[in-house]
Ligand code: C5P
């Protein structure tokens, strides 16, 4: 039976701006995203009989169509008309779940890339990204990966110069966030600050890590509950006091990341953060 194992990298939002609510209920966004080495490992096998079976190392994740990886496979079949003769997807999760790091979206994108290869469909990345859009707003970006400006619902993608090599510390606070609720809060808020997206793109082009780190910014931080804001602020403070050049929340959170030049400093930050936050990782640019 054809089988393939691939990595699904986590993403970070270097910037995240919400421009406004659209007629279809979604929001127009403007985000600079980048991939990091932290990844789930996906194994896809096709021709396994009937239906799509999903297994994961995390028992609380859905294994039916609600799992974005299964949904991606079904959308691929619909879009191409190919009969895969059943499929088995195994997800070895390392990316924190419901964390703003695009774990589920990246798994879905990895399944699209894997099934395209296994079934010999020969779709280009843009066609795969289009199929992924129906699975979730972050899936088109995850199909492409790298450092990208994402606009519209998240599907209008412009590749950018890569994030200069650096060490990245990610830390998931001990609270969870509902994405739709956060978007509702943004609708009611009057945002006083927006990220300097143009400056971020220019800093990436110049390979200026300090310039990038100075500009990391996420408007969703402004509408968190004050208790959540202070937890995020505490993590950012700890990262910066250990030498992070900049720190911000990723996506709709709650994961906070810090960009470091120095591995020893990053390791010290991880050690201290781990005492209070189980999901703390050291990773790097890819
Ligand atoms: O597309 P996805 O299923 O990931 O979106 C989850 C939720 O996030 C949507 O139901 C919507 O509330 C919100 N969303 C949005 N505008 C976007 C992306 C997501 O309002 N561009």
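The values are calculated or read from the model by the stated rules, or taken from the named source; none is laboratory data. The shown structure was predicted, so the numbers you read here are calculated from the model rather than taken from an experiment. Note: ideal-geometry Cβ built from the backbone for every residue, glycine included; neighbour counts use all protein chains shown.
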* **Yes/no for residue 14 being closer than 30 Å to residue 246 by Cα and more than 16 Å from the ligand (Cβ to nearest atom)** => yes
* Subset of the stretch 164-217 (residues that are more than 16 Å from the ligand (Cβ to nearest atom), within 19 Å of the chain's Cα centre (by Cα) and farther than 24 Å from residue 145 by Cα) -> 173, 174, 175
* Answer yes if at least one residue in the stretch 155-163 is more than 15 Å from residue 31 (Cα to Cα) and within 10 Å of the ligand (Cβ to nearest atom), and no otherwise. => no
* Can you tell me which residue among 258, 211, 251, 207 is on the phi > 0 side of the Ramachandran plot, modelled with pLDDT of 95 or more and either in contact with a helix residue (DSSP H, G or I) (Cβ under 6 Å, 6 or more places away or on another chain) or crowded, with 19+ Cβ neighbours inside 10 Å (or both)? => 251
* Asked: When residues of the stretch 68-86 are filtered for being at pLDDT 95 or above and in contact with a strand residue (DSSP E or B) (Cβ under 7 Å, 6 or more places away or on another chain), how many remain?
  -> 4
* **Inter-residue pairs, beta-carbon under 8 Å, first on the phi < 0 side of the Ramachandran plot and surrounded by fewer than 22 Cβ atoms within 10 Å (Cβ to Cβ) and in the stretch 36-49, second modelled with pLDDT of 95 or more and not in a strand (DSSP E or B), 6+ apart** => 41/94
* Structure fact -> Of the conditions (1) touching a residue at least 60 places away in the same chain (Cβ under 8 Å); (2) in contact with a helix residue (DSSP H, G or I) (Cβ under 8 Å, 6 or more places away or on another chain); (3) away from the ligand (no atom under 16 Å from the Cβ); (4) not in a helix (DSSP H, G or I), the single one that residue 113 does not satisfy is (4)
* Hey, residue 106 within 15 Å of the ligand (Cβ to nearest atom), under 22 Å from residue 169 (Cβ atoms) and modelled with pLDDT of 95 or more or not -> yes
* **Condition check for residue 100: within 30 Å of residue 176 (Cα to Cα) and at pLDDT 95 or above** => yes
* To do: Can you tell me which residue among 42, 95, 89, 6 is part of a loop (DSSP other than H, G, I, E, B), modelled with pLDDT of 95 or more and touching a helix residue (DSSP H, G or I) at 6+ places or on another chain (Cβ under 8 Å)?
  => 95
* Of all residues in the stretch 266-284, count the ones that are part of a helix (DSSP H, G or I) and in contact (Cβ under 8 Å) with a residue 60 or more places away in the chain. => 4
* **Count - residues of the stretch 214-242 that are without any contact (Cβ under 8 Å) to a residue 60 or more places away in the chain, in contact with a strand residue (DSSP E or B) (Cβ under 7 Å, 6 or more places away or on another chain) and either farther than 15 Å from residue 257 by Cα or buried (at least 22 other Cβ atoms within 10 Å of the Cβ) (or both)** => 1
